[in-house]
Each structure stands twice: as structure tokens, then as C-alpha cells.
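Structure first, commentary second.
The values are calculated or read from the model by the stated rules, or taken from the named source; none is laboratory data. Small disclaimer: the values here were computed from a predicted structure and weren't measured. Cβ atoms come from the backbone with ideal geometry, glycine included; neighbour counts cover every protein chain shown.
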Amino acid sequence: MVLEPICCPRCHTTDVVKHGKSAEGKQRYRCRNAECTRASFILNYSYRGYLPRGETADRGYGRQR
């Protein structure tokens, strides 16, 4: 069995613990770095609006001509 360390998407530390499950049943994680501004996160978000700024795809606001 190979275990991959989970990294915080904000501070990139591996000091991460499991923090319950979301309403959709996805594993939620919590960063234990005191200086990190990201308290909890999910590795694979279903709704892209929850992603931090800069990680979202083109939102499609308005039509380009």
C-alpha cells in the first residue's frame, strides 16, 4: 500500500488531518499550520466556485464576440 501525503493548497505543507466529510460524502481536510489562512479544504471540489482565487477555470461571464 502506498500512501500519498496530502498537501494544503494554500501553504503546501503536509501537516494536514482529516476533518470529516462534506454533504456530498467527500473527504474534508484541515491544515494544522497556524500561519495558513486556509482552515479546511476538499481535494476535488464538485462546484468550481468554491475553489480559491486563481484556481478557477474561465467563468464565462458575458459573451465574447
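Values as computed for the structure displayed
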read-out	value
Considering residues of segment 31-61 that are of a type outside the set (S, T, N, Q), over 12 Å from the mean Cα position of the chain (by Cα) and at pLDDT 65 or above only, the residue surrounded by the most Cβ atoms within 10 Å (Cβ to Cβ)	C36
Selection from segment 1-45 of residues that are of a type outside the set (A, V, I, L, M, F, W, C) and outside any loop (DSSP other than H, G, I, E, B)	K18, H19, G20, K21, Q27, R28, Y29, R30, S40
Cβ-Cβ under 6 Å pairs, at least 6 apart or on other chains, segment 24-45 side within 19 Å of P5 (Cβ to Cβ), far side assigned to a loop (DSSP other than H, G, I, E, B) and of a type in the set (A, V, I, L, M)	Y29/I6
